[in-house]
Amino acid sequence: MSNIRRLRESDKEDILEIARNTWDGHDYVPKFFDSWLKDIDSYPVGIEDDGHIIALANLRVIDDGKTGWMEALRVHPSYRGKGLATILTQHIVQLAMNIPVKRIRYTTAVSNKTSLHLAESVGMRRKFTLAGYWQDNPTEISWRSSSKPLFEANASDVCQDLIDAKLLPFNIIICDWKALDATPEGLAKVDSLSQFWIQKKAGKVTSFSLSLDHDDVSDKQWTFTIYAKDVSGFLDHLSHHVKMASETKSTSIFGLFEPEYLETFHNLEWDKQTKYEIEEMSLTLLERIL
Ligand SMILES: CC(C)(COP(=O)(O)OP(=O)(O)OC[C@H]1O[C@@H](n2cnc3c(N)ncnc32)[C@H](O)[C@@H]1OP(=O)(O)O)[C@@H](O)C(=O)NCCC(=O)NCCS
């Protein structure tokens, strides 16, 4: 059953079938599959059984050739628990070594115990974790808090300041479930996909966030990541994103922020506890230096 090969256009129906059965059909794979096939930095692979792809994964070279980004590990539900993800993960690690890249990385939900176990089995370790928060109907959140204004900025405005301010753990920027080194090129890439928001004090960046406005057929999600030096900066950005989610009539909101603000977040007076479990949506970055 372990016939591993590069994926091709004709595998699309099998890929869509797996995606329909992943995360209640809210899988990002169909959106990116065509681009991975054309991208010279992507290595989409799958396991074929009886003429059909039953498992897939992609390795994408990012960070100017330094990182092998592991993504889209999926096994069709009828074939889970048979070791296929383990085989694919080992294959992807070998691919990364052959390219070669300096390190492999991926992010996953802290609650995805299988994914964490797979990472550990190939020698990957947790580098850092961000708390995650998801809720539907953000228009219902009336809570707002604002002490200092936020300004929209672009990558070239913030790049050096952001590095100097040491706001980003390990100088890695998290945008949705993806991670890039916060170099001028990395920030420009993230900037092309998202909006940047900052606060400054005495000319120095004291807080930063980015936001994305996903518009899928079934969901319009406001996604953000906040990095702040203090609680008031964190609250200003959080309030800004809650407001933006409401103004853009988003149907859901997904935010990431540093765990040191979890207590502040839990103490906010708005009813969120029935909507999510924070651990379920928290993100961890896994890494192995090759
Ligand atoms: C996660 C997924 C890829 C696993 O596929 P799979 O083929 O069933 O995985 P494997 O059979 O190779 O087994 C994975 C390992 O995790 C272990 N595992 C399973 N559940 C676990 C749990 N709750 N806690 C710890 N380890 C667990 C298994 O025992 C196995 O380890 P072992 O071989 O050392 O015993 C599959 O369930 C899937 O497609 N899920 C949806 C998408 C997803 O979550 N992708 C990964 C993150 S992006």
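The values are calculated or read from the model by the stated rules, or taken from the named source; none is laboratory data. As the structure is a prediction and not an experimental result, all values here were calculated from the model. Positions of Cβ are backbone-derived with ideal geometry, glycine not excepted, and every protein chain shown enters the neighbour counts.
A few points about this structure:
- Boolean, residue 72 is out of contact with any Pro (no Cβ under 8 Å at 6 or more places or on another chain) and surrounded by 20 or more Cβ atoms within 10 Å (Cβ to Cβ): no
- Flag if residue 173 is over 22 Å from residue 259 (Cα atoms) and either outside the structural domain of residue 203 (by TED's automatic domain parsing) or surrounded by 19 or more Cβ atoms within 10 Å (Cβ to Cβ) (or both): no
- Evaluation of residue 82 against the conditions (1) part of a loop (DSSP other than H, G, I, E, B); (2) buried (at least 19 other Cβ atoms within 10 Å of the Cβ); (3) within 15 Å of the ligand (Cβ to nearest atom) shows that the sole unmet condition is (2).
- For the stretch 43-60, filtering for residues that are buried (at least 19 other Cβ atoms within 10 Å of the Cβ) and away from the ligand (no atom under 15 Å from the Cβ) leaves 1.
- Residue-level analysis places residue 120 among those that are under 17 Å from residue 285 (Cβ atoms), within 13 Å of the ligand (Cβ to nearest atom) and in a helix (DSSP H, G or I).
- Scan of the stretch 254-265 for residues that are in contact with a helix residue (DSSP H, G or I) (Cβ under 8 Å, 6 or more places away or on another chain) and in a helix (DSSP H, G or I), ordered by number: 261, 262, 264, 265
- Listed by position, the strands (runs of 3 or more DSSP E) inside the stretch 138-253 whose residues that are more than 30 Å from residue 65 (Cα to Cα), among the polar types (S, T, N, Q) and without any contact (Cβ under 8 Å) to a residue 40 or more places away in the chain number at least 1 are 220-228.
- Matching residues in the stretch 29-73 - criterion: being of a type in the set (Gly, Ala, Ser) and within 20 Å of residue 105 (Cβ to Cβ): 35, 42, 57, 65, 68, 72
- The listed residue being at positive phi and out of contact with any Ser or Thr (no Cβ under 7 Å at 6 or more places or on another chain), out of 166, 127, 82: 166
- A single entry from 40, 4, 15, 87 fulfils the requirement of being of a type in the set (A, V, I, L, M) and more than 25 Å from residue 103 (Cβ to Cβ): 15.
- Pairs where the first residue, in the stretch 10-35, is on the phi > 0 side of the Ramachandran plot and the second is at pLDDT 95 or above, C-beta under 8 Å, 6+ apart: 25/19
- Scanning the stretch 157-184 for residues that are modelled with pLDDT under 95 and of a type in the set (D, E, K, R), we see that the one that is nearest to residue 72 (Cα to Cα) is 176.
- Qualifying position, being out of contact with any His (no Cβ under 7 Å at 6 or more places or on another chain), closer than 30 Å to residue 183 by Cα and within 8 Å of the ligand (Cβ to nearest atom), among 73, 95: 73
- Selected residue (only one of 125, 80 is under 30 Å from residue 226 (Cβ atoms), not hydroxyl-bearing (Ser, Thr, Tyr) and not assigned by TED's automatic domain parsing to the domain that holds residue 252): 125
- When residue 46 is tested against the conditions (1) more than 19 Å from residue 80 (Cα to Cα); (2) in a strand (DSSP E or B), the lone failure is (1).
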